[in-house]
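First the structure, in the form of structure tokens, and then the observations on it.
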Amino acid sequence: MTSTPTDVRSAACYREPTRADLPDIQLIDAAAFPDRYPFFVLRQLLDAHSRRSVVAVEPGPDYEDKVVGYALTIGEGPRAWLISLAVSPDRRGYGYGRGLLQRSIELCRERVGVDEVLLTVDPKNKPAYELFQSFGFMLREHDERYFGDDEPRDVLAYDLSRPVTRVPRF
């Protein structure tokens, strides 16, 4: 029997990442962002910020979790930065990005003193841009060289003081 998106979504959960999740996270990261974080950077980011980060998992055979997406959030004080959000290529379009973003915002909202969530997005990445806008992220600035030559990014901000609105999960 093949899974439909509804079957997969109903079985998914979102939780704090563990070190055992790192190989899956790195594979997802490499598929989504070539030339990005090496394994040791992901390891240190998770060591330092796992309580602010989240993975989307599906139950696999033998009751082992299969990581299908992740979101890394860092920061202290009034600003949190969502520095990476990615979903496995074979699971895109199933609602995991929405679930990861929603849980990341909830985690930031739970932290005392955090007023806003910031992120960068390639202005040409329409699916990601539309996801962030659907949650209420607003353009803060555009930088043609954010990550160097030919690496434009928009900085988007989400104001955590806004009333909570429930975003449809799926």
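Of the strands (runs of 3 or more DSSP E) contained entirely in segment 77-170, those carrying at least 3 residues that are farther than 25 Å from Val41 by Cβ fall at 138-143.
From the list Asp149, Asp122, exactly one residue is out of contact with any helix residue (DSSP H, G or I) (no Cβ under 9 Å at 6 or more places or on another chain) and over 22 Å from Glu76 (Cα atoms). Which is it? Walk me through it before giving the result.
Details: Asp122 fails: out of contact with any helix residue (DSSP H, G or I) (no Cβ under 9 Å at 6 or more places or on another chain).
Within the list Asp149, Asp122, the selection yields Asp149.
Answer yes or no: is there a residue in segment 130-146 that is at pLDDT 95 or above, under 13 Å from the mean Cα position of the chain (by Cα), under 26 Å from Gly93 (Cβ atoms) and not aromatic (Phe, Trp, Tyr). Yes, segment 130-146 has at least one match.
Condition check: at pLDDT below 95 and closer than 19 Å to Ala128 by Cα. Does Ala80 satisfy that? Against the criterion (at pLDDT below 95 and closer than 19 Å to Ala128 by Cα), Ala80 does not qualify. Filtering segment 31-88 to residues that are among the small types (Gly, Ala, Ser) and either over 20 Å from Gly99 (Cβ atoms) or in contact (Cβ under 8 Å) with a residue 60 or more places away in the chain (or both) leaves Ala48, Gly75, Gly77, Ser88. Restricted to segment 47-76, and to residues there that are part of a loop (DSSP other than H, G, I, E, B) and under 23 Å from Val117 (Cα atoms), the residue that is nearest to the chain's Cα centre (by Cα) is Ser53.
One residue stands out in segment 46-94 among those that are loosely packed, with under 12 Cβ neighbours inside 10 Å and acidic (Asp, Glu): the one that is nearest to Glu106 (Cα to Cα), namely Glu76.
Reported count of residues in segment 130-141, each being over 12 Å from Arg98 (Cα atoms) and not basic (Lys, Arg), is 5. Counting only residues that are assigned to a loop (DSSP other than H, G, I, E, B) and modelled with pLDDT of 90 or more, which one in segment 1-30 is farthest from Arg103 (Cα to Cα)? Checked segment 1-30; the qualifying residue farthest from Arg103 (Cα to Cα) is Thr18.
The values are calculated or read from the model by the stated rules, or taken from the named source; none is laboratory data. Given the structure is predicted, the values throughout are model-derived calculations rather than measurements. When we count neighbours, we look across all protein chains shown, and the Cβ atoms used for this are built from the backbone with ideal geometry, even at glycine.
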